[in-house]
Amino acid sequence: MFRLLISSVFFFTSLIMSGQPGSFNFQMTGDSVITGSLDETLFAYAELSNDSPFQIQLLMIREVNEMPKGWGSAICTDVCQAPEVDTALQVLQPNTTQEFIMYFYTNESPNTGLTRMKFINLADPSNVFFQEFRGITSTSTSVAETQNNDNFTVGPNPLSTETTFRFSDAPNSKLAEAYLVVYSVTGNEILRIEVSGKKEVHLKRNGLPSGPYFFKVFNKTKVLHYGKLLVQ
């Protein structure tokens, strides 16, 4: 009887705690408008953060999915949904951040796709965010449009044996606990390199098959750089 009473107390306590509203935040960590080459997968990066001490359940709804013929889009967090799935449930643990990625699957024709997402806290419907994402492909888009700027360059690109990522603003607090990740066009992680405080990172091909890849440089709070990498 005593054991049953204790179990009941824990059960109802957990129900009460799970009912606490808590609030989450949504922010873009990259551009919401992504341009790319024909027949490539485009990625738009954002993050969902829970700064409360309570678990939060989010409903993610793709309200608009205007895709040209032959295109598709997908909702991705720790799991990527199939292109035909418009809603997904995401659990945010207390004081955690979850990456969100909108995928655009394109084809060989230049075109534009548009999605509009709604993120709503199931325990507090007033805690809601909306975000539009747009993917654009063009015959004029090339790897030269990778995010080279005064603080970041990558070259040679295309690469045959080796390329170098240069961070001219290092050392920088943004590069603390930062990583470089290279992905395949299907979104699979190929490799990960810690770049914390480094001015240069050399990436050797090491048998990497020819073709297009994507990369991003990010820290704990945001995506700092991203772009395309072509291996010849």
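The values are calculated or read from the model by the stated rules, or taken from the named source; none is laboratory data. Small disclaimer: the values here were computed from a predicted structure and weren't measured. Heads up, the Cβs are rebuilt from the backbone with ideal geometry, glycines too, and the neighbour counts pull from every protein chain shown. Heads up: the accessible areas ignore ligands, DNA and RNA and are worked out on the full protein's heavy atoms, side chains in. Shrake-Rupley method; radii C 1.70, N 1.55, O 1.52, S 1.80 Å.
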7 Å from Cα along Cα→Cβ at both Lys220 and Glu189: what's the point-to-point distance in nm?
1.7
In Å², and per residue, what accessible area does the stretch 16-80 have when probed at 1.4 Å with the other protein chains present?
44
Would you mind calculating the relative contact order of the stretch 30-157 from Cα pairs under 8 angstrom and at least 6 residues apart, reporting the percent as a whole number?
34
Distance violations [Cα-Cα > 32 Å] among Lys118/Lys220; Lys118/Lys198; Lys69/Lys198; Lys118/Lys222; Lys69/Lys220
Lys118/Lys198; Lys69/Lys198; Lys69/Lys220
Using the alpha carbons of the stretch 59-140, what is the convex hull volume per residue in cubic angstrom, as a whole number?
99
In the full protein assembly as shown, how much of Glu63 is accessible to a 1.4 Å probe, in Å² to the nearest 10?
80
